[in-house]
1. Within the stretch B:173-224, can you find the residues that are under 26 Å from B:Gly130 (Cα atoms), among the polar types (S, T, N, Q) and assigned to a loop (DSSP other than H, G, I, E, B)?
2. Is it fair to say A:Gly98 is surrounded by 21 or more Cβ atoms within 10 Å (Cβ to Cβ) and either of a type in the set (Val, Ile, Thr) or within 10 Å of another protein chain (Cβ to nearest Cβ) (or both)?
3. Could you check, for the stretch B:39-50, whether at least one of its residues is on the phi > 0 side of the Ramachandran plot and surrounded by fewer than 19 Cβ atoms within 10 Å (Cβ to Cβ)?
4. With respect to A:Gly124, determine if the residue is touching a residue at least 24 places away in the same chain (Cβ under 8 Å), buried (at least 18 other Cβ atoms within 10 Å of the Cβ) and small (Gly, Ala, Ser).
5. Among the residues of the stretch B:189-205, which ones are within 7 Å of chain A (Cβ to nearest Cβ) and either small (Gly, Ala, Ser) or touching a residue at least 24 places away in the same chain (Cβ under 8 Å) (or both)?
6. Restricting the search to the stretch A:102-139, which residues are farther than 17 Å from A:Arg81 by Cβ, touching a strand residue (DSSP E or B) at 6+ places or on another chain (Cβ under 7 Å) and part of a loop (DSSP other than H, G, I, E, B)?
7. Go through the stretch A:119-151 and report how many residues are hydrophobic (A, V, I, L, M, F, W, C), more than 12 Å from the chain's Cα centre (by Cα) and more than 7 Å from chain B (Cβ to nearest Cβ).
8. Can you pull out every residue in the stretch A:1-24 that is over 24 Å from B:Asn51 (Cβ atoms) and more than 7 Å from every other protein chain (Cβ to nearest Cβ)?
Amino acid sequence: MSEITPSQTVGPFFAYGLTPVGRCDWDPNGTYSWKNSVESNLVTPDVSGTRIRIEGTVFDGDNKPINDCMIEIWQADAQGRYASPGDNRSLPNTQFKGFGRSATDKAGIFAFDTIKPGAVPGPGGKPQAPHIVVAIFSRGMLRQVYTRLYFSDEAANAADPVLGLVPADRRGTLIAHKEGGEPPLYRFNVHMQGDNETVFFEI
Amino acid sequence: MSLIYPTKSLENFPKHLTPGYKSTVKRSPTKPLMIIPHTLSELTGPIYGHNAVQEGDNDLTKQHKGEPLGERIIVHGQVLDEDRRPVKNALVELWQANACGRYVHNVDQHPAPLDPNFTGAGRTVTDDNGAYKFITVKPGAYPWGNHPNAWRPNHIHFSVFGHSFVSRLVTQMYFPGDYLFPFDPIFNSVTDEKARNRMVASFDLENTVPDWALAFKFDIVLRGREATPLDNDDHH
């Protein structure tokens with residue numbers, strides 16, 4: 001029998017606590033202020049790798065953008081190493097944390113500035129294609145949902161052990177599409193429901 | 001070393017679709033969630049040490065020129081894993097309504113006063129015993145539009161990080177004996193009574209400071225047990 005503390009929704013008002021400096025304009029008169037613990041810009045001065053921008057919208061079952069959503073991302077560095085004690089391989093000489101947080105704005109858009117992660121080890125020693133773990137929180141979500149973001153320009157996707165578990169006709173929901181620009185923009189939309197419902201993972 | 005995170009631990013979490021809480025209807029997945037092996041991506045997680053917070057970030061009564069109105073309270077407890085081992089260096093963030101039940105967020109426009117001396121956000125990092133402590137004021141109940149005459153019980157929102165990204169938890173802390181419990185679909189989204197009561201703080205006379213503040217104790221238990229050697233061939 002598990003004794004863990006149950007999850008509850010982040011509710012509609014998290015922004016002033018969790019993403020106070022960001023895309024959500026919770027304090028239009030500038031009366032209150034608070035600082036971020038976690039940023040949507042993951043780029044540190046010393047980080048190596050290809051700089052990228054990730055942008056997207058989370059849509060509800062009516063295909064309406066969710067404008068009170070919080071997205072968290074967790075990723076490896078360009079060498080495929082996580083800045084975590086759970087990753088025993090020698091850490092790179094970098095301040096890169098690999099963790100970011102963005103609220104959605106009035107139009108339901110979130111955005112991150114980061115670097116493209118490298119391949120990381122997977123089950124049976126098989127490498128996993130570069131990917132980012134994504135957690136989504138919002139009013140109406142009593143617990144976070146997890147998904148993964150893969151990159152449209154990665155040949156390694158074809159052999160990825162997790163993508164391989166996903167039915168072929170739904171794999172596309174996990175692919176962020178490169179739209180170019182400098183740094184290159186990858187668009188990653190999330191659909192909570194509907195024909196294009198994103199694949200969510202129980203992890 | 002790594003940890004095993006059985007998905008069974010999640011059995012008392014609320015269901016994504018909980019129609020009594022209306023907003024879940026259009027925001028919950030309709031297709032079954034896919035179970036995937038826990039790889040390094042799931043078994044690792046962000047670390048925010050003591051440099052993530054500044055001294056005083058855990059005292060919500062000292063963020064402005066004056067003291068906020070309301071009942072001053074101490075909220076403290078331990079962050080633990082499933083084997084009740086302390087989780088040290090865990091970033092704990094909270095946010096809440098003021099004593100009148102009003103949030104500073106622009107979207108909250110219900111007719112209760114804002115308090116210029118209270119934002120309602122704080123954060124801290126657990127010590128070597130997994131202990132954390134906040135000083136704040138007791139939040140008020142507030143109305144919401146879920147159903148006619150709907151009111152949320154007094155609560156404080158918590159966000160906590162554990163050993164890995166799978167133990168990430170956002171929850172709400174409630175106060176003992178709240179008369180609104182039977183009517184709140186968010187509280188009751190946890191259908192198991194014992195599990196539900198794990199979200200209720202206990203009144204703590206021992207740590208109540210005479211002539212100054214009542215104390216409430218709220219332990220937070222995260223996923224993760226059975227420290228085992230990480231086998232590179234089998235990350236289940």
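1. Of everything in the stretch B:173-224, those that are under 26 Å from B:Gly130 (Cα atoms), among the polar types (S, T, N, Q) and assigned to a loop (DSSP other than H, G, I, E, B) turn out to be B:Asn207, B:Thr208.
2. Details: surrounded by 21 or more Cβ atoms within 10 Å (Cβ to Cβ): yes; either of a type in the set (Val, Ile, Thr) or within 10 Å of another protein chain (Cβ to nearest Cβ) (or both): yes.
Taking the combined requirement at face value, the residue satisfies it.
3. The answer is no, given that none of the residues of the stretch B:39-50 is on the phi > 0 side of the Ramachandran plot and surrounded by fewer than 19 Cβ atoms within 10 Å (Cβ to Cβ).
4. Details: touching a residue at least 24 places away in the same chain (Cβ under 8 Å): yes; buried (at least 18 other Cβ atoms within 10 Å of the Cβ): no; small (Gly, Ala, Ser): yes.
No, not satisfied.
5. Hits for the stretch B:189-205 are B:Ser189, B:Val190, B:Ala195, B:Met199.
6. Correct list: A:Thr104, A:Ala107, A:Gly108.
7. 3
8. From the stretch A:1-24, those over 24 Å from B:Asn51 (Cβ atoms) are A:1-13, A:23-24; that's our starting set.
Within the stretch A:1-24, A:Met1, A:Arg23, A:Cys24 meet the criteria.
The values are calculated or read from the model by the stated rules, or taken from the named source; none is laboratory data. Given the structure is predicted, the values throughout are model-derived calculations rather than measurements. As a convention, Cβ positions derive from the backbone with ideal geometry for all residues, glycine included, and neighbour counts pool all protein chains shown.
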